[in-house]
């Protein structure tokens, strides 16, 4: 029993981070109606700012740096500066991004939030010397106390208490202060708040500042116990979202307490995994699956009672124009791509192949998000499912092509249906939370689990059909022309099939569900079946893409299907046009390892800035064009056509009167 309590106590620091992030998410949602996926990245900057100040006294800015001391800065001045940095980033996110998007579609808000998350994470990696600053010294008093036979670190208890105190203070602000009550009132009716003399924007700014300060302070103090990492705090937002949903996005204290319990539960599972009776397949990644299970349970139990933002209005999703099958134009494009493959070699041909494959993955998002209206962040998880199953079928079971690929894609399709089940109950940003949690759970529990995907099983056998090798490599050739043409043919066939689906009865059913689920149901459309079909088809496309990624690389790793890559792909597809085939092509060209990435990395030698530039562009695009680039272009084109079609005005010249 002592060991059980001891291991549970080890999770207090992590639980405190979950607690303060969850309470901040609830606070921001109450003030703005937004789910801020970037909350963890804001604290990530604060943590590294404090670490840099305590390392050599350098104040790191987004551009340039200032030396505040010739030696390490004392702890508490460094903490104050780090917390101030967190507040500044929070206010900048509110003023420059989320306030302009308050009446934008949910998809635009999610994309912008993801853009800020990726931007800050990339900026931390570039601006801070993450290799030199390996650890950060302790800030809180050290020592231990004994409770119930277990020895607990004093610093862990203090940071857990601080997280609960911050949550209690935020709850008291909303319940007992005039501005807090006005903030809650503005969540129901902004017009009523304005009539009472309050500015909803200013009220929201106060909450952004409070949550930025509280979350930055707790995370900075917990970092010495958790450790420094340039990405970890970014994705701590997922378990924080899980416990925030337990509190129905309304109860700050419930979310905070649930966050502490989740942190303790994860370390307890780590302890149980050391027992001889614990199954071998569950010894890795189990802790990361708990948030996903909590999200599912919370949304199914409370999803219908989670409050929505009132009276803010909402811009419609980007307009959909049904694609047409144009054999001449399509054949010309395919011929041009084939010629480009023939004329290139080495990294450029590999970049072109990567763009072709990523275009297929983007097409799955066009189908699921653009046509069906379901925001999914699990595209790369579906691709990874197919990729790792393909590896297992080929190396362990010896199945030949294309049977191994067919079964691998079937596994991805099944995963898509399972992840799509919550869509029967929820939609919008809440569905984005579910799919993000599912993606992280699959990445940690399946892709990174040596019991399920052992290292020697990551190899992908070369493609061979009727005795002819279609493998990606041949001696010193990085990408053979045979494999390049195979990938182009597969993607072309699936793209044509997708266009036919979009133009048919299935596509019309998707659009009806996206527009209004109740109206679609009253028209005789099976809404549940349509949603599951959409997830299945999208996962099928992503699964084929995952198999092609496996064939193109020859060996897979967890990094091959990272959650970050999936987030970038969704954002780029939205920017290019999430409702159009052309948008998917644009996303494929600028996707990671694609043509644009190859150009930046090979020609300009600035590949390290890829994620930073991509994130900045997508945030700017989301703010300037909430319906996406394609939607804005179509609107501008339609406006020009109307102007041209309008008959010219007849100019009448009045002759001067003659005086006789």
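The values are calculated or read from the model by the stated rules, or taken from the named source; none is laboratory data. Everything numeric in this text was worked out from a predicted model, so none of it was measured. So basically every Cβ, Gly included, is an ideal-geometry build from the backbone, and we count neighbours across all protein chains shown.
For region 130-153, state whether one or more residues are under 30 Å from residue 575 (Cβ atoms) and modelled with pLDDT of 75 or more.
yes
Looking at this structure, is residue 46 in contact (Cβ under 8 Å) with a residue 24 or more places away in the chain and under 20 Å from residue 163 (Cα atoms)? Criteria met by residue 46.
Scanning region 489-516 for residues that are without any contact (Cβ under 8 Å) to a residue 24 or more places away in the chain and touching a helix residue (DSSP H, G or I) at 6+ places or on another chain (Cβ under 7 Å) turns up 509, 512. The single condition from (1) within 29 Å of the chain's Cα centre (by Cα); (2) within 17 Å of residue 24 (Cβ to Cβ) that residue 173 fails is (1). Might you check whether a residue that is at pLDDT 90 or above, in the same structural domain as residue 409 (by TED's automatic domain parsing) and buried (at least 21 other Cβ atoms within 10 Å of the Cβ) occurs anywhere in region 467-483? No: region 467-483 contains no residue that is at pLDDT 90 or above, in the same structural domain as residue 409 (by TED's automatic domain parsing) and buried (at least 21 other Cβ atoms within 10 Å of the Cβ).
Residues are listed down the side, and each one gets a yes or a no for (1) part of a helix (DSSP H, G or I); (2) farther than 30 Å from residue 113 by Cβ; (3) touching a strand residue (DSSP E or B) at 6+ places or on another chain (Cβ under 8 Å); (4) in contact (Cβ under 8 Å) with a residue 40 or more places away in the chain:
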residue: 384; (1), (2), (3), (4): yes, no, no, yes
residue: 387; (1), (2), (3), (4): yes, no, no, yes
residue: 406; (1), (2), (3), (4): yes, yes, no, no
residue: 416; (1), (2), (3), (4): yes, no, no, yes
residue: 421; (1), (2), (3), (4): yes, no, no, yes
residue: 426; (1), (2), (3), (4): no, no, no, yes
residue: 433; (1), (2), (3), (4): yes, no, no, yes
residue: 436; (1), (2), (3), (4): yes, no, no, yes
residue: 440; (1), (2), (3), (4): yes, no, no, yes
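Taking region 227-268 as the range and being closer than 18 Å to residue 287 by Cβ, at pLDDT below 85, in contact with a helix residue (DSSP H, G or I) (Cβ under 7 Å, 6 or more places away or on another chain) and not in a helix (DSSP H, G or I) as the test, only 231 passes. Here 124, 151 are screened, and the one residue that is touching a residue at least 40 places away in the same chain (Cβ under 8 Å), more than 16 Å from residue 210 (Cα to Cα) and in contact with a helix residue (DSSP H, G or I) (Cβ under 6 Å, 6 or more places away or on another chain) is 124.
Of the listed requirements (1) part of a loop (DSSP other than H, G, I, E, B); (2) at pLDDT below 70, residue 320 misses just one: (2).
Here's the yes/no breakdown for (1) at positive phi; (2) modelled with pLDDT of 80 or more; (3) not in a helix (DSSP H, G or I):
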position	(1), (2), (3)
164	no, yes, no
182	no, yes, no
187	no, no, no
191	no, no, no
198	no, no, yes
208	no, yes, no
211	no, yes, no
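One line per residue, one yes/no per condition, for (1) modelled with pLDDT of 65 or more; (2) in a loop (DSSP other than H, G, I, E, B); (3) surrounded by fewer than 19 Cβ atoms within 10 Å (Cβ to Cβ); (4) outside the structural domain of residue 125 (by TED's automatic domain parsing):
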residue	(1), (2), (3), (4)
587	yes, no, no, yes
613	yes, no, yes, yes
631	no, no, no, yes
653	no, yes, yes, yes
657	no, yes, yes, yes
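Can you pull out the residues in region 488-525 that are part of a loop (DSSP other than H, G, I, E, B) and within 26 Å of the chain's Cα centre (by Cα)? 516 - this is the single residue of region 488-525 that is part of a loop (DSSP other than H, G, I, E, B) and within 26 Å of the chain's Cα centre (by Cα). For region 50-75, residues that are touching a residue at least 60 places away in the same chain (Cβ under 8 Å) and either outside the structural domain of residue 140 (by TED's automatic domain parsing) or in a helix (DSSP H, G or I) (or both) total 6.
Scanning region 105-116 finds one or more residues that are touching a residue at least 24 places away in the same chain (Cβ under 8 Å) and part of a loop (DSSP other than H, G, I, E, B). Among the criteria (1) part of a helix (DSSP H, G or I); (2) crowded, with 21+ Cβ neighbours inside 10 Å, the one residue 533 does not fulfil is (2). Taking residue 311 as the residue in question, decide whether it is exposed (fewer than 14 other Cβ atoms within 10 Å of the Cβ), modelled with pLDDT under 80 and not in a loop (DSSP other than H, G, I, E, B). Spelling it out, it is not the case that residue 311 is exposed (fewer than 14 other Cβ atoms within 10 Å of the Cβ), modelled with pLDDT under 80 and not in a loop (DSSP other than H, G, I, E, B).
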